[in-house]
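Everything on this sheet refers to the single structure shown next.
The values are calculated or read from the model by the stated rules, or taken from the named source; none is laboratory data. Quantities reported herein were computed from a predicted structural model and do not represent experimental measurements. Glycine also receives a Cβ, built like all others from the backbone with ideal geometry; neighbour counts cover every protein chain displayed. In case anyone asks, the SASA skips ligands and DNA or RNA and just uses the protein heavy atoms, side chains included. Shrake-Rupley method; radii C 1.70, N 1.55, O 1.52, S 1.80 Å.
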Amino acid sequence: MNKNCNYGGQALIEGILMLGAKKGAIALRLPNGEIEVSDREMKRLNEKYKFLKLPIIRGFVNFIETMIFGYKSLMYSAEKQIPPEEESEEKESKLSVLVGIVSLLFSLVLTLGLFVYLPSLVVDLIDGKLFSNALIKYHGLFEGIIKILIFLIYLKLVSKQRDIKRVFSYHGAEHKSIFCLENGEELTVENVRKQSRFHPRCGTSFLFIILIISIIISTTVLLIFPSLNEHRAIWILVKLLLIPLITGIGYDVLKFSAKHKSKVLDALVKPGLWIQRITTIEPDDSMIEVAIAALKRAIELNENTVKED
């Protein structure tokens, strides 16, 4: 396997974004059936401010940058699904539907905000009603379990929608094409089709690792400072302040696990691979063609950038 391949992607509305170290490309299947490829460049703050490349810091900054860039790419792909000849009123109507789909998918990340308050409330109710606050010492642990349950239920519900199923199919095509490249095989439909759709560097795995790390850190903090449970507003503020640390650690763990093998790291990554059984679906050949177009263009752009440098 070629471990030097550093490409990642994101499923879009009827398309895929592929990113290399410096540049990337979006390939979309347009309503007329043609594939449109457009170049993309992601400006990274760590190129200007070197301290942002430090461990932990780099993970949080990368997460924010990727989230914003990914959202803009989703909006672009949604707009491209509206035929230009349609009336403006109908365009606005269709755009609002597509934006709804985009928002639903994007809320997978934004819903993490709900995990700050809702799990605390649920644990408080269960602990107070059933255990007379006997579990308060391990509040962080049970909050984490509730977070994971919310995460899984949310994914399962979203995956039932027809439009999201297509996005998840493109997600599968993205993983398969990257695996094909990493395995040193030519990027053809036949070669990509036979690859696995479960990739350890997927954003789904990243989110699950964040949840696991948040359980460990939150539980540790409450064991050291148990009085935080008595001041809910302060505890919520502490959890918000811990998000950059948790995200940064999660990023470094995922990157490290991609290059090193150990039972502990495998245990952290494996649940994310299981969850990809929900967030990825086997793509059809037309989706694989889109993935190949995006990846080939991303490779071409990055190779040219290296030569120029």
Which one of the conditions (1) touching a residue at least 40 places away in the same chain (Cβ under 8 Å); (2) within 22 Å of the chain's Cα centre (by Cα); (3) open to solvent by less than 50 Å² (accessible area, probe 1.4 Å) does Leu240 fail to meet, given that it meets all the rest?
-> (3)
Based on what the data block shows, is Ile234 assigned to a helix (DSSP H, G or I) and farther than 19 Å from Ile146 by Cβ?
-> yes
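Give the residues of the stretch 243-280 that are β-branched (Val, Ile, Thr), open to solvent by 40 Å² or more (accessible area, probe 1.4 Å) and either closer than 19 Å to Phe63 by Cα or touching a His at 6+ places or on another chain (Cβ under 9 Å) (or both), sorted by residue number.
Ile243, Ile249
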Just wondering, is there one or more residues in the stretch 178-191 that are of a type in the set (S, T, N, Q), open to solvent by 30 Å² or more (accessible area, probe 1.4 Å) and in contact with a helix residue (DSSP H, G or I) (Cβ under 6 Å, 6 or more places away or on another chain)?
-> yes
Among residues of the stretch 173-215, those that are part of a helix (DSSP H, G or I) and either in contact (Cβ under 8 Å) with a residue 12 or more places away in the chain or in contact with a strand residue (DSSP E or B) (Cβ under 7 Å, 6 or more places away or on another chain) (or both), counted | 26
Please work out if Leu223 is open to solvent by 60 Å² or more (accessible area, probe 1.4 Å), farther than 27 Å from Tyr7 by Cβ and under 25 Å from the mean Cα position of the chain (by Cα).
-> no
Scan the stretch 143-172 for residues that are among the β-branched types (Val, Ile, Thr) and either touching a residue at least 40 places away in the same chain (Cβ under 8 Å) or part of a loop (DSSP other than H, G, I, E, B) (or both) and jot them down.
-> Ile145, Ile148, Val158, Ile164, Val167
Would you be able to tell me the number of residues in the stretch 281-309 that are modelled with pLDDT of 80 or more, of a type outside the set (S, T, N, Q) and open to solvent by 40 Å² or more (accessible area, probe 1.4 Å)?
-> 9
